[in-house]
1. Step through the residues of segment 12-25 one at a time and calculate ³J(HN,Hα) from phi using the Karplus curve (6.51 cos²θ - 1.76 cosθ + 1.60, θ = phi - 60°), rounding each to whole Hz and writing x for Gly and Pro.
2. List, in order, the whole-Hz ³J(HN,Hα) value for each residue of segment 127-135 obtained from phi through the Karplus relation with A = 6.51, B = -1.76, C = 1.60 and θ = phi - 60°; use x for Gly and Pro.
3. Can you pull the one-decimal nm distance between simple spin-label points at VAL10 and THR77, each 7 Å off the Cα toward Cβ?
4. Between SER127 and ASP34, what is the FRET efficiency for a Förster distance of 25 Å, r being their Cβ-Cβ separation, to the nearest 0.05?
5. Set the Förster radius R0 to 30 Å, insert the Cβ-Cβ distance between GLU23 and VAL67 as r into 1/(1 + (r/R0)^6), and round the FRET efficiency to 0.05.
6. Net charge around ALA11, counting only other residues with Cβ within less than 15 Å of its Cβ (Lys, Arg = +1; Asp, Glu = -1)?
7. Rounded, prolate or oblate, given the Cα gyration tensor of segment 79-121, with a/c below 1.5 counting as rounded?
8. ASP58 to ARG90: extension gain in nm, 0.36 nm per residue of separation minus the Cα-Cα distance?
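No lab work stands behind these numbers, since they all come straight from the coordinates. Note that the structure is a prediction, hence the values are computed from the model and not measured. So basically every Cβ, Gly included, is an ideal-geometry build from the backbone, and we count neighbours across all protein chains shown.
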Amino acid sequence: MTDPLLDPTVAVDAHAGERLATEPIIWLGTVDGDGRPHTVPVWFAWADPVLTVFSRPDTAKVGHLRVHAEVSVALDTAGQGADVVTGGGRARLSELGEVDDALDAFGRKYAPLLGDQPLDAWLMTFSTPIVVVLDRLVAWRGTSAGLEYRSLPSRG
């Protein structure tokens, strides 16, 4: 098991963790064989420091990950650009049977968006789990007391 990046006793970390747990979309950045960036919005489950995404197997991002495991992630900014969460790490393609905990969390998170469609039916299309282990996370937000900023892991 990988140690968490966020410290829930630190306000900016707790805020970033809440956003990662509840935001419906994160932007996943991959690179193609020529090093050209490719960024797409995806649904995801969060269990610090792991993001799990479910994809169609025929997408560009899946093809890119077969060549380059390095990825970037970013939530949409909130607070008119003063509430930012970005990160990076390594991704691996997985199998549905290997991500049961993430699948349960994902199902609970997105049940309202799936409506009447059962998760099992949705997974017939989005059948390829992508497991991203973040090794870097940067979060900042403006507060009435000033800017809260964290770059994890801490350097020095």
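1. 5, 5, 4, 5, 4, x, 5, 4, 5, 6, 10, 4, x, 10
2. My calculation for segment 127-135 gives 9, 10, x, 10, 9, 10, 9, 6, 10 Hz in order.
3. Spacing of the two 7 Å Cα→Cβ label points: 2.2 nm.
4. Values: r = 27 Å, r/R0 = 1.10.
Here the calculated transfer efficiency is 0.35.
5. Using R0 = 30 Å, I get an efficiency of 0.60.
6. -2
7. Judged from the Cα gyration tensor, segment 79-121 comes out oblate (a/c at least 1.5, b/c at or above a/b).
8. Gain on stretching ASP58 to ARG90: 9.5 nm.
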